[in-house]
Every structure is written in C-alpha cells, then in structure tokens.
1. For region 10-331, what class follows from the C-alpha gyration tensor (a ≥ b ≥ c being the square roots of its eigenvalues): rounded when a/c is under 1.5, otherwise prolate if a/b is larger than b/c, else oblate?
2. List Cys63, Cys241 from most exposed to least, where exposure is judged by having the fewest other Cβ atoms within 10 Å.
3. Could you tell me the largest-minus-smallest coordinate of the C-alpha atoms of region 236-332 on each of the three principal axes, in descending order and whole angstroms?
4. Give me, ordered by chain and number, the residues 5 or more places off Ala194 or on other chains with an amide H under 5 Å from its own placed amide H.
5. Assign one of three labels to region 9-50, namely rounded, prolate or oblate, based on the Cα gyration tensor with a ≥ b ≥ c the square roots of its eigenvalues; rounded applies when a/c is under 1.5, prolate when it is not and a/b is larger than b/c, and oblate otherwise.
6. Using a Gaussian network for the chain with springs between C-alpha atoms less than 10 Å apart, which of these wobbles most: Asn245, Asn286, Asn104?
7. Remind me, relative contact order of region 3-140 in percent, using alpha carbon pairs under 8 angstrom and six or more residues apart?
8. Please find, in a Gaussian network model of the chain (springs between Cα atoms separated by less than 10 Å), the residue of Gly266, Gly170, Gly187 whose mean-square fluctuation is greatest.
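We did not get these values from a lab; they are worked out from the coordinates using the rules stated. Because the structure is a prediction, the values reported are computed rather than measured. With ideal geometry, Cβ positions are generated from the backbone for all residues, glycine too; neighbour counts draw on all protein chains shown.
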Amino acid sequence: MTDLRTLPKAELHLHIEGTLEPELAFSLARRNGVLLPFADIDDLRARYDFTDLQSFLDLYYSCMTALRTARDFEELAVAYLERAAAEGVRHVEMFFDPQVHAANGVPVDVVIDGLRAGLRTAADRFDMTGGLIVCIVRDQPVTSAEALLDEIAPRAHEILGIGLDSAEVGYPPSLFEGVFRRAAELGLHRVAHAGEEGPAAYVWEALRELEVERVDHGIRSVDDPDLIAHLAEHRVPLTVCPLSNVRLRAVPDLAAHPLRRLVEAGVVVTINSDDPSYFGGYIGDNYAAVASLGFDTTELAQLAENSIEASFADAARKAALIAEIRAWAASA
Ligand code: ADE
Ligand code: ZN
C-alpha cells in the first residue's frame, strides 16, 4: 500500500480542542495556574476508555480548562496543523466550542485571535488553507447560542461557518432553527453533527430545518433508505470519523462500520479524525483504518477528492487540490 500520508486531502471534521495532547494540557495548565483533576499524564491517558459520547465529553471539557490565552490556542492550533501537514492535509476546517471557553472565563475573541494566528502560520509554512467553524454546544440553552451569535456577528467575515456539537440524544437540531437562520443571514456556512448517536430523524431535521450543507458523522443515515437516497441525490457530504465511531462505541467495531454501505449508495463521504488526541489516531490513521477495510488506492483517492469537493474552499483552490490528488493517484 502506498503511503497514505502523502495523499493530499482536506480535514473537515476536526475539533481543535480534541487535538489537545495530555503533555500540552499539563504544560498549559502549569503555565496558567490551572489545576487539572488528574494526578498526571498517565492518569489522564488511563481514562481514555470511553463507553459513549457523554463519557468522552466529560473528560474533554475538563481538559479544556487548561486553555486560557490566545497564545494557548495558537500553540494548540500550530501543533495540530504541523502534524496534519505531515499527513497530507492541505485544507482544514476547524471546529471550536466558544461556550465552553466562556464558562472558563475566556472570551470568544481571544479564542478566535489565537486560532487565526495558528492558521496564518500554517498558510505561511505549509501552504495550507482553511478556516474556523464556531460550534454551538447543543446541551446548553438556546439563549446561550443566540448570545454567542450576537458576539461573533461583527467578526462573521473572519469565520467560515457555524456547526452544532456536544451531547446529541435529547437535543434535536430543530431547537436551533432560529440560530442557524441568523447564521445564514450573517453569511456563514452551516453544518451540524447529526446521526452520530442520535437517529436518522435528526439528520433529516438538520437538512430541513437548519439547511445544513454537510452533515457531521451522519452514520445512522444507513437506517433510513430514503435518507440515504436523498443524501446521494443531492450530494450532501457526510464527514465520517471511523476511529471516533469505534472509540465512542457508535459502532461495535471497525468491521461493522457502515462506511462501505454509504459509499456504495453513492453518498459523498469524507474521512476525518474528530478528536484525534482522544481517539487513538490522526487523519492518516483514519485513512489507514479505511484501507484496512479493503478500500483500494483508487477508492482512497476518491475519498480525498470528496473532502475537497465537500470543503468550503474557493473554486480555484479546489481545482488545484483535486489536480494534486489526481497526480498522486497517477503515480501511486
Ligand atoms: N465534540 C467533540 N467531539 C464531538 C463528537 N464526536 N460529537 C459531538 N460533539 C463533539
Ligand atoms: Zn465531532
């Protein structure tokens, strides 16, 4: 098998806070005078044994208390972007959770400043493009999401889009219809996590009520043949995260992952890492996992092309990156 780290690709489902490695979490906590509720790095890593989405989120939000300054967010982003560049990522659309940082006393402007500085470094050093997607934490009140939108409105031109994440079941997309309508008026792209642990009905809601352009995860769509047909016909991309789904037990094991069924139904599937520090693998490992399911070089290159097509990069950048992928495939 050719080296999949050299395959040019976009990463479209990546929570920047989910790239926080334990070593960096402890060093930032020390610098900021924050006491993490773990004895040490080994103790923290020993807790990376998740039973479901919520068991992960509890740990994830607790590690996020280490992040306080624009410099912290810039260092976090650069550490990820450097690693992603080495794994062939040429374009990245990065999620972040401002409501969680606000609860830690960190204003959204500080987070945006730090992450944008990191993206500028990646543009200069690695010729990487990308942007930020503000995620609404769906288990916080809708009024909190509305207030966040007010805060970011003056900086909407510095942000690519709005997303929806955190605990899914019990928090249907329809709750955020007004928030997403307003985001669209601000010129933001719209995406949402749906059908990770929640039902296919949540994917329909995200499409019909939030008018999302992509669905994050969306793997439960396989339970609804009409939905699969709709996604394929309208070329609505799914940002699938195979290792995440295994680690959070959204699927029993990799072999049971519905990826092959989705691809065969004609859905525009992309491969991503979600929260790579926590789920045992960055994007290269996720492509390797897909290869282990029997996807050949041509199919893997198609998945990479899908990631470019599904991105919010401009047309010229998309054409250039697709040409890079085709050159890779021709020489693979
Ligand atoms: N936030 C970070 N990772 C997430 C995931 N996999 N699902 C929902 N919210 C998240
Ligand atoms: Zn996610």
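1. Rounded is the answer for region 10-331, as its axis ratio a/c remains below 1.5.
2. Cys63, Cys241
3. 39, 24, 24
4. For Ala194, the qualifying residues are Asp216, Gly218.
5. oblate
6. Looking only at Asn245, Asn286, Asn104, the biggest GNM fluctuation is shown by Asn104.
7. RCO, region 3-140: 32 percent.
8. Maximum fluctuation in the GNM of the chain, among the listed residues, is at Gly170.
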